[in-house]
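Q: Input: one structure, supplied below.
All of the numbers you see were taken from the coordinates with simple rules; none came from a lab. Computed from a predicted structure; not experimentally measured. Here the Cβ is made from the backbone with ideal geometry for all residues, glycine too, and neighbour counts use every protein chain on show.
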Amino acid sequence: MSQSLEPATANPTTYISHHLTNNSIGEGFWTWNLDTLIISALLAGLIMFVSYIAGKNIDPDKPTGLQNVLEGLLEFVEKQVKEMFDGYNPIIGPLALTVFVWIFLMNAMDLIPVDLIPLLLSFVGVEYVKVVPTTDLATTFAMSLTVFAMIVYYNIKVKGAWGYAKLFLFHPFAASNPIVKVILMPVNMLMTTIEELSKPVSMSLRLFGNMFAGELIFMLIALMPFWVQFVPGGIWAIFHILVITLQAYIFMLLTIAYLSVAHQNEEH
């Protein structure tokens with residue numbers, strides 16, 4: 001919500017465009033969005049710091065409030081992994097927990113009044129800043145491509161290179177006749193390639209689209225007079241808490257599900 005007593009700006013297009021512009025260096029493919037990188041890194045550092053403090057002061061007999069919260073979160077994630085992941089891999093639980101907490105924190109930056117941080121940073125000469133990393137398509141694609149790289153790695157590790165290749169050659173259309181098999185190979189390769197590539201694309205676009213739309217609505221509310229903003233802003237903020245949590249949860253579930261399929265050695 002806007003911090004001023006008047007409408008956020010007389011030019012809504014300029015106002016929204018300004019808030020949707022990253023603080024970047026470089027050009028083209030080599031553009032670096034500094035605000036996205038710095039805020040994401042700070043939130044990751046916050047996770048590590050809180051985890052260190054909680055681990056250092058853990059007390060099984062007299063758990064603190066922070067310890068209870070973290071234990072509850074660990075049990076929640078562990079339950080999802082047990083229900084969805086076939087087999088055993090010690091990295092899946094920590095990965096799912098990290099994905100959920102990190103994305104949740106990045107999403108939660110959306111709840112900070114849209115003009116607050118840009119206003120504060122303007123005093124030190126920072127003209128542009130986007131405070132919600134997940135409204136940057138580079139962030140969501142980077143995370144989904146990382147998960148995709150792990151999917152490919154574990155497919156090859158569990159099934160072998162030939163076993164993974166067979167998924168492209170004989171899936172989704174199987175045939176017992178050798179000639180028909182050969183004829184279907186180009187179709188299978190095309191269909192399976194599309195299916196595999198759709199995983200990171202859908203993961204990244206779903207998260208980006210929901211968070212971008214949510215941030216845009218906050219900006220539209222900020223265009224209202226200050227005395228009008230509280231009711232719609234408060235209602236949307238409460239609803240948006242569900243959105244940011246749900247999006248982090250969905251990304252975590254898809255990560256677990258896709259990696260579970262990658263660990264299956266049988267053909268599908």
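Q: So which residues in region 13-66 are of a type outside the set (S, T, N, Q) and in contact with a strand residue (DSSP E or B) (Cβ under 7 Å, 6 or more places away or on another chain), if there are any at all?
A: Scanning region 13-66 gives Ile25, Gly26, Trp32, Leu34.
Q: While we're looking at this one, here's another question. Please tell me if Ala248 is surrounded by 12 or more Cβ atoms within 10 Å (Cβ to Cβ), touching a Leu at 6+ places or on another chain (Cβ under 9 Å) and closer than 30 Å to Phe148 by Cβ.
A: The answer is yes for Ala248.
Q: Pairs, please: C-beta under 8 Å, at least 6 apart or cross-chain, first residue in contact (Cβ under 8 Å) with a residue 60 or more places away in the chain and in region 36-63, second among the small types (Gly, Ala, Ser)?
A: If the second residue must be among the small types (Gly, Ala, Ser), the pairs left are Thr36/Ala138.
Q: Counting only residues that are in a helix (DSSP H, G or I) and touching a residue at least 40 places away in the same chain (Cβ under 8 Å), which one in region 154-177 is farthest from the chain's Cα centre (by Cα)?
A: Phe170
Q: How many residues are out of contact with any helix residue (DSSP H, G or I) (no Cβ under 6 Å at 6 or more places or on another chain) and farther than 22 Å from Leu145 by Cβ when one looks only at region 190-216?
A: 2
Q: Assuming Val147 fulfils every condition listed in (1) closer than 30 Å to Leu246 by Cα; (2) surrounded by 12 or more Cβ atoms within 10 Å (Cβ to Cβ); (3) among the β-branched types (Val, Ile, Thr); (4) free of Cβ contacts under 8 Å to residues at least 40 places away in the same chain apart from one, which condition is it?
A: Unmet condition: (4).
Q: Within the set of pairs 6+ apart or on separate chains, which have a first residue in region 89-104 that is over 21 Å from Leu42 (Cβ atoms), a second that is among the aromatic types (Phe, Trp, Tyr) and not in a helix (DSSP H, G or I), and C-beta atoms under 8 Å apart?
A: Every condition considered, the pairs that remain are Ile92/Phe85.
Q: May I ask you to verify whether Thr192 is over 28 Å from Glu78 (Cβ atoms), hydroxyl-bearing (Ser, Thr, Tyr) and either in contact with a His (Cβ under 6 Å, 6 or more places away or on another chain) or assigned to a helix (DSSP H, G or I) (or both)?
A: The answer is yes for Thr192.
Q: Starting from residues that are among the β-branched types (Val, Ile, Thr) and surrounded by 16 or more Cβ atoms within 10 Å (Cβ to Cβ), keep the ones in region 218-244 and report whichever is farthest from Phe170 (Cα to Cα).
A: In this case the residue turns out to be Ile221.
Q: When you look at Thr134, is it among the hydroxyl-bearing types (Ser, Thr, Tyr) and more than 27 Å from Pro90 (Cβ to Cβ), yes or no?
A: yes
Q: OK, next. Could you please find all residues in region 186-201 being loosely packed, with under 15 Cβ neighbours inside 10 Å, of a type outside the set (D, E, K, R) and free of Cβ contacts under 8 Å to residues at least 24 places away in the same chain?
A: Pro186, Val187, Leu190, Ile194, Leu197, Ser198 - these are the residues of region 186-201 that are loosely packed, with under 15 Cβ neighbours inside 10 Å, of a type outside the set (D, E, K, R) and free of Cβ contacts under 8 Å to residues at least 24 places away in the same chain.
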